[in-house]
Amino acid sequence: MRKDLKPVLSALIIRHFLIIYAITIIYTGICAALLSKVEMWDFSMLKDTAIWMIFAALPAMYKAGRTPDIKQYFKTILVELAQITVLLEFIMGLHTYDLWKELLLAVLVLFLKGLISYSQKPEDVQVHKIFKKVDTAISLGIILLVCIYLYKHFLEYWTLAYLEQFVLPVELTLMLTPFLYLLIVYMRFEETFTTINSRIKPHKLLIFTKWMLMLHFFNNLAGIKRWEQQFFMRRPVTKQDVLNSIKDVKELQAAEANPPEVLLTNGWSPYLSRDFMRVHLLSAGQYVNHYDDSWGAISSTLHLSDDYLANDLIYEVTGTKTVVTQIELILKVFDRSKKGNAHEVFAKYLKHLFEEVFPGKTVPVELINRILKGKAYQMSYNTYLLVCDLDQYDNHLNSYNLKFAIRHPNHVA
């Protein structure tokens with residue numbers, strides 16, 4: 001047990017975490033000082049402020065460093081902060097318990113928040129839904145209890161002192177929001193700048209690149225992340241290259257926001273086809289340029305079991321900048337002895353994909369039979385080509401990939 005805790009405790013005191021602790025304490029102190037200036041904070045609120053900082057501000061800052069999408073972050077974090085604020089005020093403001101009881105109640109609820117965060121992996125989706133329902137029920141229950149308690153003790157709490165204490169967490173949360181935004185922007189740009197610092201020459205071009213990135217992506221963190229991905233494939237060597245790369249990213253984002261119509265005779269829309277498997281948590285990621293005019297998007301890996309050598313599924317679309325011409329579903333079997341019913345599961349996912357691509361049609365029986373047997377096969381379907389490939393690896397586990405592809409007539413290998 002002690003050995004298991006040692007790396008966790010060590011992680012809590014590493015330099016980056018200590019910096020976050022210090023920033024949180026300093027910023028909370030500044031907020032308290034500002035509220036004190038307008039007579040909305042005094043030292044009697046020190047305990048409430050400290051507990052809010054530990055259980056609301058710090059978790060929000062940790063999540064800020066990991067968020068890939070600033071808009072989605074604030075949609076979720078503001079709701080979570082509101083829930084925690086109401087909870088803390090119910091525990092600390094409306095009732096006076098011993099400090100250890102207040103901390104215990106807060107820790108229990110924060111533990112539930114941690115379970116919700118930890119269970120966000122695709123394979124834990126059912127457990128995540130249960131935790132979310134429990135969390136929602138607790139939050140609604142606390143809000144109801146607060147309303148009932150205030151109704152019964154209206155005159156007792158209708159004083160300026162209690163009102164100031166009750167709204168303190170709300171004030172601190174509102175004051176924290178702009179700081180969180182700046183923190184996210186700083187951390188995201190710092191990450192990108194660390195990537196390009198030693199890779200862009202000369203130094204003048206590096207400085208120009210940083211200024212252009214801040215100018216164009218200050219409020220577009222998804223854009224700066226995509227630019228960084230593109231950077232590894234096409235590194236700018238002139239100022240015009242930098243401007244063109246930024247322009248390309250913005251054009252792609254505009255196309256994603258309003259996908260242009262793609263005629264079926266040309267292929268499939270990149271921004272619609274990548275979501276054909278969304279219902280199975282296999283939505284492909286961003287549609288990016290691999291090389292020349294080769295583009296594609298690939299999903300995260302979906303584990304079919306909890307085993308370390310689990311069978312995995314991957315969904316991928318490839319084509320040109322404007323159209324997808326090949327759609328693939330890939331089964332990765334790492335250990336042939338543990339494949340179990342992997343082929344049957346693969347066939348089920350394949351049927352769904354086929355019906356998405358060809359609405360109202362069913363998968364040819366011969367194709368399903370080949371999939372179940374793990375045999376290579378290809379057949380024409382109208383003007384399309386249906387391909388089943390088997391790639392075997394020469395290792396002691398007899399690993400292999402079973403691939404199913406739908407190729408448009410315009411596909412170029």
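Which ones in the range 387-411 are more than 19 Å from residue 312 (Cα to Cα) and under 33 Å from the mean Cα position of the chain (by Cα)? Listed by number, the residues that qualify are 387, 406, 407, 408, 411.
Could we say that residue 257 is buried (at least 21 other Cβ atoms within 10 Å of the Cβ) and under 20 Å from the mean Cα position of the chain (by Cα) here? Break it down stepwise before answering.
Numbers: buried (at least 21 other Cβ atoms within 10 Å of the Cβ): no; under 20 Å from the mean Cα position of the chain (by Cα): yes.
No, not satisfied.
The single residue among 35, 18 that is assigned to a helix (DSSP H, G or I), at pLDDT below 80 and assigned by TED's automatic domain parsing to the domain that holds residue 173 turns out to be 18.
With respect to residue 290, determine if the residue is closer than 18 Å to residue 405 by Cα and at pLDDT below 85. Can you show your working first?
On the way: closer than 18 Å to residue 405 by Cα: no; at pLDDT below 85: yes.
So residue 290 fails the test.
Per the listing 298, 314, 327, the residue uniquely free of Cβ contacts under 8 Å to residues at least 60 places away in the same chain, in contact with a Phe, Trp or Tyr (Cβ under 8 Å, 6 or more places away or on another chain) and β-branched (Val, Ile, Thr) is 298.
Hey, any hits in the range 271-279 for a residue that's in contact with a His (Cβ under 9 Å, 6 or more places away or on another chain) and within 20 Å of residue 389 (Cβ to Cβ)?
Step one: of the range 271-279, the residues in contact with a His (Cβ under 9 Å, 6 or more places away or on another chain) are 276-277, 279.
Applying the additional criterion that residues be within 20 Å of residue 389 (Cβ to Cβ) yields 276-277.
Within the range 271-279, one or more residues are in contact with a His (Cβ under 9 Å, 6 or more places away or on another chain) and within 20 Å of residue 389 (Cβ to Cβ).
The lone criterion from (1) part of a helix (DSSP H, G or I); (2) under 16 Å from residue 321 (Cβ atoms); (3) free of Cβ contacts under 8 Å to residues at least 12 places away in the same chain; (4) of a type in the set (D, E, K, R) left unmet by residue 241 is number (2). In the set (1) farther than 19 Å from residue 278 by Cα; (2) more than 24 Å from the chain's Cα centre (by Cα), the condition left unmet by residue 306 is number (2). The set of residues in the range 176-195 being surrounded by fewer than 18 Cβ atoms within 10 Å (Cβ to Cβ) and of a type outside the set (Ser, Thr, Tyr) consists of 178, 182, 187, 189, 190, 191, 193.
Do we find that residue 352 is within 14 Å of residue 327 (Cβ to Cβ) and at pLDDT 95 or above in this structure? No.
Results for (1) farther than 17 Å from residue 226 by Cβ; (2) in a loop (DSSP other than H, G, I, E, B), shown as yes or no for each residue.
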| residue | (1), (2) |
| --- | --- |
| 282 | yes, yes |
| 298 | no, no |
| 315 | yes, no |
| 318 | yes, no |
| 321 | no, yes |
| 325 | yes, no |
| 328 | yes, no |
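Out of 405, 413, 342, 347, one residue alone is in contact (Cβ under 8 Å) with a residue 24 or more places away in the chain, among the small types (Gly, Ala, Ser) and within 25 Å of residue 294 (Cα to Cα). It is 405. In this structure, is residue 207 of a type in the set (Val, Ile, Thr), in contact (Cβ under 8 Å) with a residue 60 or more places away in the chain and part of a helix (DSSP H, G or I)? It is false that residue 207 is of a type in the set (Val, Ile, Thr), in contact (Cβ under 8 Å) with a residue 60 or more places away in the chain and part of a helix (DSSP H, G or I).
Return the total of residues in the range 373-413 being part of a strand (DSSP E or B) and surrounded by 12 or more Cβ atoms within 10 Å (Cβ to Cβ). Before the answer, list the steps.
Taking the range 373-413 as the starting set, the residues that turn out to be part of a strand (DSSP E or B) are 377-381, 384-392, 400-407.
Those left that are additionally surrounded by 12 or more Cβ atoms within 10 Å (Cβ to Cβ): 377-379, 381, 384-392, 400-407.
Qualifying residue count, the range 373-413: 21.
The values are calculated or read from the model by the stated rules, or taken from the named source; none is laboratory data. Given the structure is predicted, the values throughout are model-derived calculations rather than measurements. Neighbour counts run over all protein chains shown; Cβ positions are idealised from the backbone, glycine included.
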